[in-house]
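Q: Questions regarding the structure given below will be posed in turn.
The values are calculated or read from the model by the stated rules, or taken from the named source; none is laboratory data. In this text, all values refer to a predicted model and were calculated from it rather than measured experimentally. Please note: Cβ atoms are built from the backbone with ideal geometry, for glycine as well, and neighbour counts cover all protein chains shown. Surface areas here come from the heavy atoms of the whole protein model, side chains and all, with no ligands, DNA or RNA. Shrake-Rupley method; radii C 1.70, N 1.55, O 1.52, S 1.80 Å.
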Amino acid sequence: MAAESGKIDPMHQFEVQSITDLFTVGGQQIAFTNSALWMVITLGVLWAFMMGGMRRQLVPGRWQAAVEGVTGFIENMMVTNIGPQGRKFVPYVFSLFMFILFANILGLLPLGVVGVHPFTVTSHLTITGVLAIVSFGIVLAVGFAKHGLHFFSLFVPHGAPWWMLPILIPVEFVSFMVRPFSLALRLFVAMTAGHILLKVLAGFVINGMNADAAWVAPIVSLPSFILMIGISALELLVAAIQAYVFALLTSLYLNDAVNLH
C-alpha cells in the first residue's frame, strides 16, 4: 500500500512492477513482472485443483465432485446455448472460466497481513483484452471454417425488409465488432472498481486509527472496516459472476458462429 504523509494511493495496487530481467529483444528489456508472477500462480493453483479432482474414484470425494460439478456446469451451458456441437468447445470455455475465476479470487485474498501483496491480473485491460481477442478469434475461425463467406449473413437480420438492409447491415457489423471490446471492458471495469473502493475504505481505516483525536477511530475507522467486510463478500460474488458472464457471452458468440443466429 503506497502511503505518504497519511495519503493512500488506491491506484498503486495496479502498478506493474519488474521482479527480474529476463532477456533483451530489439533493445527492449523483457522482464518478469508481478503480473506475470500472479498469472503463473493462478495457473499453478488451477493445475493443483484439477489434478486433485481427477482421481476418477468410483465414489467421488468432495474435491473430485467439485471438479466434476464445474465441468458439468460448463458443459450444460455450452449444450444449452449451442447444442450438441457445443461440447467440442467445453475445454476452452472451461479453461477460460476457471482462469478468470481463480485470478479474481486470488487477487482478493487478504495476504497483505503477512506482507504479501496479491495482484489481480484481471484488473488490467491488457489481460482481459487478450482473453477477449482470443475468444473473438475463435468465433471468427469457427464461423468462416463452417460457413465460408455465408458467415456474413450473420449481419443480415432474418425477416428484415430489403429497403432497411443498408441501415441494418452496418449496425449489425459494428455491434459484432464491438463484442471483444465490451467483453474485455466489462471484466476490467468490474474488478478495478471493486479494488479501488476497498483500498479507499482501507485508507479510511488506517488514517482513522492513526489520527491524533481518539474519537476519530470509532466514528471513521470502525464503520469503514465493517463496510469493507461487506464489500469483500460482495467482491467474491462479483468475481464468480464476472467469470460466468465472460464464459456465457463467449458461448453465445460461438453459437452465432456455429448456428448463424
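Q: For the chain, list the DSSP H helices whose alpha carbon atoms reach 20 Å or more along the long axis and whose average Kyte-Doolittle value is 0.0 or above?
A: On the way: long enough: 34-52 (27 Å, 1.52); 62-82 (29 Å, 0.32); 90-106 (23 Å, 2.15); 125-147 (32 Å, 1.83); 179-210 (47 Å, 1.14); 222-259 (55 Å, 1.52).
Length and hydropathy pass: 34-52, 62-82, 90-106, 125-147, 179-210, 222-259.
Q: Now for a different question. So what does residue 68 come to for accessible area, using a 1.4 Å probe and Å² rounded to 10?
A: About 100 Å², ignoring ligands and nucleic acids.
Q: Further question on the same structure: For residue 31, enumerate residues with amide H under 5 Å from its amide H, sequence gap 5+ or separate chain, H modeled in the peptide plane.
A: Under 5 Å from the amide H of residue 31: 22.
Q: Right, something else. Once you sort the root eigenvalues of the Cα gyration tensor of the range 86-197 as a ≥ b ≥ c, which label holds: rounded (a/c under 1.5), prolate (a/b larger than b/c) or oblate (the other case)?
A: On the way: a/c = 4.10, a/b = 2.18, b/c = 1.88.
Since a/c reaches 1.5 and a/b is larger than b/c, the shape of the range 86-197 is classed as prolate.
Q: Moving to a separate point now. Accessible area per residue for the chain in Å², computed with a 1.4 Å probe and the full protein assembly in place, what is it?
A: Working: 14770 Å² over 261 residues.
Ligands and nucleic acids excluded, the figure is 57 Å² per residue.
Q: Another question, if that's okay. Name the residues whose placed amide hydrogens come within less than 5 Å of the amide hydrogen of residue 53, ignoring near sequence neighbours (fewer than 5 apart) on the same chain.
A: Under 5 Å from the amide H of residue 53 lies no amide H from a residue far enough along the sequence or on another chain.
Q: Moving to a separate point now. Using a 1.4 angstrom probe on the protein heavy atoms only, line up 9, 212 by accessible area, largest first. Don't skip to the answer; put the middle values down first.
A: Working: 9 70, 212 160 Å².
Order by accessible area, largest first: 212, 9.
Q: Take 146, 199, 88 and sort them by solvent-accessible surface of the protein heavy atoms, 1.4 Å probe, largest at the top.
A: Working: 146 100, 199 35, 88 135 Å².
If we order 146, 199, 88 from most to least accessible, we get 88, 146, 199.
Q: Specify which residue in the list 49, 195, 236 is farthest towards the positive end of the charge dipole of the chain, using unit charges on the beta carbon of Lys, Arg (+1) and Asp, Glu (-1), about the Cα centre.
A: 49
Q: 222 nm [θ] for the chain, helices only, -39500 (n - 2.57) per DSSP H run of 4+, per residue, to 500? If you can, show how the numbers build up before the last one.
A: Values: 7 runs with 163 residues, N = 261.
So the calculated ellipticity at 222 nm is -22000 deg cm²/dmol.
Q: Would you indicate which of (i) 1.24; (ii) 1.20; (iii) 0.99 is the value of Cα Rg over 2.2 N^0.38 Å derived from the coordinates of this structure?
A: Given (i) 1.24; (ii) 1.20; (iii) 0.99, the calculated one carries the label (i).
Q: I need the shape label for the range 38-135. Rule: rounded when a/c is under 1.5, else prolate if a/b > b/c, else oblate, with a, b, c from the alpha carbon gyration tensor.
A: Working: a/c = 2.85, a/b = 1.29, b/c = 2.22.
Cα axes put the range 38-135 in the oblate bin.
Q: Could you give the size of the charge dipole of the chain about its Cα centre, using +1 on the Cβ of each K and R and -1 on the Cβ of each D and E, expressed in debye and rounded to the nearest 20? Spell out each step's value before the answer.
A: On the way: 10 positive and 10 negative charges, 146 e Å.
About 700 debye.
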